[in-house]
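Remarks on the structure that follows.
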Amino acid sequence: MRHLLLLAALATAAVAAQAATPAELQAAYTAQAGSPAQAARGQAFFTSTHGKEWSCASCHGVKPTGPGKHAATGKTIGPLAPAFNPERFTDNAKVEKWFRRNCNDVVSRECTAAEKADVLAWLQSLK
Ligand code: HEC
């Protein structure tokens, strides 16, 4: 159901099935959440742990405007903030895949639409 709502929102926002912009994805998550996104809440979510060892910042950095470093493998991860990495949040399937995987590692469940909207609002505010 949630997935259908997101897809419906995306279909109206994006012409191509997969291509998107950060603003379009943000609009879709916000519509799905049903309340406005809050960048400050997104930052707090991103930089805090949620009962497990890692936060999002453990791999992406506290300020994801520069490269991150994978907490387990040590591999470099390109900046997550879209202003510093134009490929970010342009492919819905990729975004969903990594949200699913990373949220599971950090929060032990999928992130809610509101959490995704908040994180994306914060990432987009980083210039
Ligand atoms: C264990 C390391 C690790 C943690 C912790 C982690 N990530 Fe990631 N994340 C990655 C890797 C690796 C990729 C994929 C490589 C890449 O895209 O550079 C990625 C990619 C992403 C993407 C894809 C964005 C795009 O359009 O390319 C998003 C969104 C994301 N992470 C969000 C999060 C959020 C939110 C959290 C916290 C809930 C988080 N990540 C925690 C390692 C991590």
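Where a number appears in this text, it was derived from the coordinates with a stated rule and is not lab data. Everything numeric in this text was worked out from a predicted model, so none of it was measured. Backbone-built Cβ (ideal geometry, glycine too); neighbour counts: all protein chains shown.
Within the range 2-125, how many Lys pairs sit with Cα atoms under 20 Å apart, leaving out pairs fewer than 8 places apart on the same chain?
Pairs that pass both the separation and distance tests number 10.
Go through the chain and flag any cysteine with no other cysteine's C-beta closer than 4.7 Å, please.
Cys56, Cys59
Sorted by average packing, counted as other Cβ atoms within 10 angstrom per residue and highest first, what order do 49-55, 110-116 take?
110-116, 49-55
So what are the ³J(HN,Hα) numbers for the range 115-127, from phi and the Karplus equation (6.51, -1.76, 1.60; θ = phi - 60°), rounded to whole Hz, Gly and Pro as x?
5, 5, 4, 5, 4, 5, 4, 5, 4, 6, 7, 7, 10
Out of Ala71, Asn85, Ala57, whose Cα points farthest toward the positive end of the dipole of the chain (charges: +1 Lys, Arg; -1 Asp, Glu; placed on Cβ)?
Final value for the positive-end residue is Ala71.
Summarise the long-distance tail of P(r) for the range 2-125 by giving the % of C-alpha pairs beyond 22 Å.
29
In units of 2.2 N^0.38 Å, what is the alpha-carbon radius of gyration of the range 24-91?
Numbers: Rg = 13.3 Å, N = 68, 2.2 N^0.38 = 10.9 Å.
It is 1.21.
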